[in-house]
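Below is one structure, written out as structure tokens; comments come after it.
The values are calculated or read from the model by the stated rules, or taken from the named source; none is laboratory data. Keep in mind it's a predicted model, so treat the numbers as computed, not measured. Note that each Cβ is placed from the backbone with ideal geometry, even for glycine, and that neighbours are counted across all protein chains shown.
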């Protein structure tokens, strides 16, 4: 596992996979199945793994965090980069940052807190957490009123924040005044597109963002990595064609919960058994929805296999 400080190059060397978290029937962590999913993605060229919302870390009890960090420390190969998340409320953020100090993860992402928060208060909380953890953190923006760009820029300039995941959903990602202001305040080479394949072409082409996170990369690592390579080469037409392969799964995720749908899609595709999802979420229950997810996920995995065979030919 990568333990060296985070560089700008780290943010674009791989799609940042945002996987679900496998659990046993009793809701304990399933190390074997989590490793199985990571090995599948590594075989497809992915080397960066961010455990956050898709892993449902919002609801992980404090008593599990050391076990979680122990598992994440060993789940990936020596060349891969693993990023845990902490927060989202201030109490968990500070206590988990203290635990993080005992591990060699070069950074962690701060989960966004919705409600009962102000921009200045969020900035102070992130600063306290970075001090407590003894390392810079990744900020995650899911709403434009979450933190003022000037407050975030101060955190970057002071070394408390090493990168930004930008995940605010827009009907048209090209119409985003907040992101334009953010890229004026913070070097866009430190900002990652954080909503998967759908807006990434616009984010990297029009706003200069450095790379992107993905959940569906868990199903199709080769295709997702091919999108990243095309975008870094400025080949937007190829990236757009590859992106279409993901839309059936992404549409189902948007319709039935991005987190839950991805969790069950990994299981239904046969890649790894994610087991039950941690409450307060719940697995897909409708048989018709499960069938649709299985069909879309299986088709995406098959397309990824074909991409692997094409590249090897």
Test: residue in segment 271-279 that is at pLDDT 95 or above, surrounded by 15 or more Cβ atoms within 10 Å (Cβ to Cβ), in a helix (DSSP H, G or I) and under 22 Å from the mean Cα position of the chain (by Cα): no
Selection within segment 172-201 - assigned to a helix (DSSP H, G or I), under 23 Å from residue 49 (Cα atoms) and in contact (Cβ under 8 Å) with a residue 24 or more places away in the chain: 189, 190, 200, 201
Residues of segment 207-250 that turn out to be in contact with a strand residue (DSSP E or B) (Cβ under 9 Å, 6 or more places away or on another chain), outside any loop (DSSP other than H, G, I, E, B) and buried (at least 22 other Cβ atoms within 10 Å of the Cβ), as a count: 12
Unique match (being surrounded by fewer than 23 Cβ atoms within 10 Å (Cβ to Cβ), under 19 Å from the mean Cα position of the chain (by Cα), touching a residue at least 12 places away in the same chain (Cβ under 8 Å) and in a helix (DSSP H, G or I)) among 260, 266: 260
Which listed residue, of 253, 290, is more than 26 Å from residue 211 (Cα to Cα) and surrounded by 15 or more Cβ atoms within 10 Å (Cβ to Cβ): 290
Meets criteria (in a loop (DSSP other than H, G, I, E, B), in contact (Cβ under 8 Å) with a residue 12 or more places away in the chain and either touching a strand residue (DSSP E or B) at 6+ places or on another chain (Cβ under 7 Å) or surrounded by fewer than 20 Cβ atoms within 10 Å (Cβ to Cβ) (or both)) for residue 55: no
